[in-house]
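Peer 1: Could you have a look at this structure, given as C-alpha cells, before my questions?
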Amino acid sequence: CPNVTKGGIEFGHDPVLRDVFVPLSTGAELHIPPPATVLDPAKLHGWFADQQITHAHVTPQLSRILCAGKRAQPLSSLRYVCSGGDVLRVKQALEIAALGSTKVVNFYGSTETPQAMGFHVFDPRTDTSESVPIGRGIDDVQVFVLDDKLGAADHGQVAIRTRYLSEGYRGDPTLTHAKFVANPRSTDPTDRL
C-alpha cells in the first residue's frame with residue numbers, strides 16, 4: 001500500500017518499484033485502497049475481502065489496522081503478506097497469519113539499497129522470540145550483523161553486501177564514507193558494505 005497523507009496518496013521509489021511495477025510486470029492486478037479505507041480497520045478488512053487480495057505488502061502499522069478490522073469470516077484469498085519498513089513482532093505476525101491461510105514474510109532493506117535485501121518466512125513453530133528475524137539475503141546479497149570493529153556478532157549493526165548498493169549519499173561525501181565501508185574480508189577496494 002502507498003503512503004496515505006491528508007493530501008492523498010504519496011508514492012516513494014520503493015512502493016513504485018515493488019508495489020506497482022512488480023505486480024504489473026508479472027501479469028497481476030494492482031489494487032490500491034482509497035485513503036479513507038486505509039485508515040478504517042473495518043473498511044480495510046472489507047476491502048481486502050471484496051477485492052479478493054492475494055498478496056499484500058504492508059508495514060507492521062498498517063497490518064495492525066487490517067487485523068483490528070478482522071471479521072468472523074477469514075480473508076480466504078489472502079495467501080501472502082509481506083511486511084517491511086519496521087520491526088515485525090511475533091505477536092503481530094501471528095495475527096496476520098490468522099487472517100486466513102496466510103504466509104507472513106518479513107522483509108529487510110535499507111536506504112542504501114534498492115528494495116528488500118533480506119527476507120524471512122515466518123514460522124510460528126520456530127520463531128518464538130519477540131521479533132521476527134530479518135532473515136537471509138536474497139540472491140546476490142549477503143546480510144551480516146557486525147560489531148564496531150566489523151567482526152561477526154550476535155547483536156550489532158546490520159550490514160549488506162551486494163553489487164546493488166547505491167553510490168552513496170548525494171552531496172554528502174562524509175556520510176558516504178562513514179556508512180559505505182570497505183569489506184574487511186576482501187582485498188578489492190570496490191567491495192563495500
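The numbers here are math on the coordinates, done by the rules we state, and not lab data. Everything numeric in this text was worked out from a predicted model, so none of it was measured. Using ideal geometry, Cβ is built from the backbone for each residue, glycine included, and neighbour counts are taken over all protein chains shown.
Peer 1: How large is ³J(HN,Hα) for each residue in segment 161-168, as worked out from phi by the Karplus curve 6.51 cos²θ - 1.76 cosθ + 1.60 (θ = phi - 60°), to whole Hz, x for Gly and Pro?
Peer 2: Result, ordered by residue: 10, 6, 6, 9, 4, 6, 6, x Hz.
Peer 1: Follow-up question, since we're still on this one. Less than 29 Å apart at the alpha-carbon level, and either on another chain or at least 8 residues along: which lysines does that give for K179?
Peer 2: Partners within reach: K149.
Peer 1: Answer with a single label: of (i) 18.5, 56; (ii) 18.5, 59; (iii) 16.5, 48, which was calculated as Rg and Dmax of the Cα atoms in Å from the structure in view?
Peer 2: (ii)
Peer 1: Once you list every other residue whose beta carbon is under 10 Å from the beta carbon of H120, what net charge do they have if Lys and Arg are +1 and Asp and Glu are -1?
Peer 2: -1
Peer 1: I've got another one for you. Using the Karplus curve 6.51 cos²θ - 1.76 cosθ + 1.60 with θ = phi - 60°, what ³J(HN,Hα) values do you get for each residue of segment 71-80, in whole Hz, with x for Gly and Pro?
Peer 2: 3J(HN,Hα) across segment 71-80, in whole Hz: 9, 4, 7, x, 7, 5, 7, 6, 9, 9.
Peer 1: If you don't mind, another one. In nm, to one decimal, how far is the modelled label at A42 from the one at F180, with both set 7 Å along Cα→Cβ?
Peer 2: 5.1
Peer 1: Which lysines does K70 reach when only Cα atoms under 19 Å apart count, and residues fewer than 8 places away in its own chain are ignored?
Peer 2: Here the lysines satisfying the reach criterion relative to K70 are K43, K91, K103.
Peer 1: Classify segment 52-145: rounded, prolate or oblate, from the alpha-carbon gyration tensor (a ≥ b ≥ c, eigenvalue square roots; a/c under 1.5 rounded; otherwise prolate if a/b is larger than b/c)?
Peer 2: The shape class here is prolate.
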